[in-house]
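None of the figures in this text is laboratory data; all of them are computed from the coordinates on show. Being a predicted model, the structure only gives us computed values, none of them experimental. Ideal geometry is used to build each Cβ from the backbone, glycine not excepted, and the neighbour counts take in all protein chains shown.
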Amino acid sequence: MLALLCGGQGTLSDKIFDLVADRPAAEPVFVAATAFLGEDPREFISTRSADELSANHASQILAVTSALAIHACIADLLVEQTAVTGYSVGEMAAWSIAGIWTADEALRLTDIRARLMESVAGPDGRLGYVRGLDRAALERLLEKYRCEIAIKNPDFLLVIGGAERDVIDLCNEAAKQGARAGLLAVKIASHTTRLEQACGSLQQVLDASRHSAVASQRVLLAGGDGERIFSVAGDTAKLACQVARAIDWSATLEALAELGVTRVLDLGPGHALAEMMRASQPSVRCYAADGFRTVDGLRNWIASD
């Protein structure tokens, strides 16, 4: 079985749309995203500074646009059962790929999600990462600096969130203790209780969305814990509260392996999810869309097995 992974916020390259920028199948996605960015995303990504691209609203829209544009160029080939899941805001793209929302609706909801998060988060949030620190030592630092685990990744890589100054101080002390640590580009404390107040409003929006059932040829897994999603009605609360709850991405990757997934395609942006899957499940063949030079090459790979 093939699995599609939809990436979250992070450092966005100005190359993320190069693979599909001129493909007619992706054009409706770019048109839809333009309404929420105020500019064609292909122009936006090439004319904005790194700080502007890492702003919460823009980066969420761009991340979802990237995954949906690539999917639009391969969707006709996905005739067999295909698993799909998303990392952080990538879940918005995953629900669309699973057939629940159109690309337009997914981007509309992503726009609302980003704005709700900003409205409750305050101006000083930040995410950072710590790799290689034992759990007891990390717990002491989390308590000392009033931070929280935001995402659990494989290979002892944890994303932490809190006030920016506190995240910086925690990362500095973790580095002194022998860990690799530093700031991420995400300037909001996603997946921490700092965003708790966004959950109720976001769930109301998701409940009222224009949605369909999960497509028969899709297996949709929650990015937060790997549980299978069978219906919209039962899982909007989990998706909404994902913005204020820690994500266990390691569990999601394990769930994919248990499903019998043999191939993984990271739709991006970037290739971090493919690398994590490769490290976590070395028997699974993992590729990232941004590793292909042409859409035809990507399509040939999908059709080859």
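Numbers below:
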item: Cα-based helix-to-principal-axis angle, 56-72 vs the chain, degrees rounded to 10; result: 30
item: Amide H contacts of C286 (H built 1.01 Å from N, under 5 Å, at least 5 apart or other chain); result: V264
item: Difference of contour (0.36 nm per residue) and Cα-Cα distance, A237 to R23; result: 73.5 nm
item: Mean residue ellipticity (222 nm) of the chain, computed from DSSP H runs ≥ 4 via -39,500 (n - 2.57), nearest 500; result: -13500 deg cm²/dmol
item: Modelled label reach - T11, point 7 Å along Cα→Cβ, segment 164-189 residues with backbone N closer than 15 Å; result: 181-187
item: Taking N as its residue count, the alpha carbon Rg of the chain over 2.2 N^0.38 Å; result: 0.94
item: FRET efficiency, 1/(1 + (r/R0)^6) with R0 35 Å, evaluated for R115 and V79 via beta carbons; result: 0.40
item: Where a label projected 7 Å from the Cα of A35 along Cα→Cβ would reach, residues of segment 106-142 with amide N under 18 Å; result: 106-116
item: Between helix 135-145 and the chain: long-axis angle, C-alpha atoms, 0 to 90°, nearest 10; result: 70
item: Nitroxide proxy distance, nm - points 7 Å out along Cα→Cβ at A208 and N172; result: 4.5
item: Simple Cβ-charge dipole of the chain, Lys/Arg +1 and Asp/Glu -1, about Cα centre, in debye nearest 20; result: 420
item: S46-T193 pseudo-label distance in nm [points 7 Å out on the Cα-to-Cβ vector]; result: 4.7
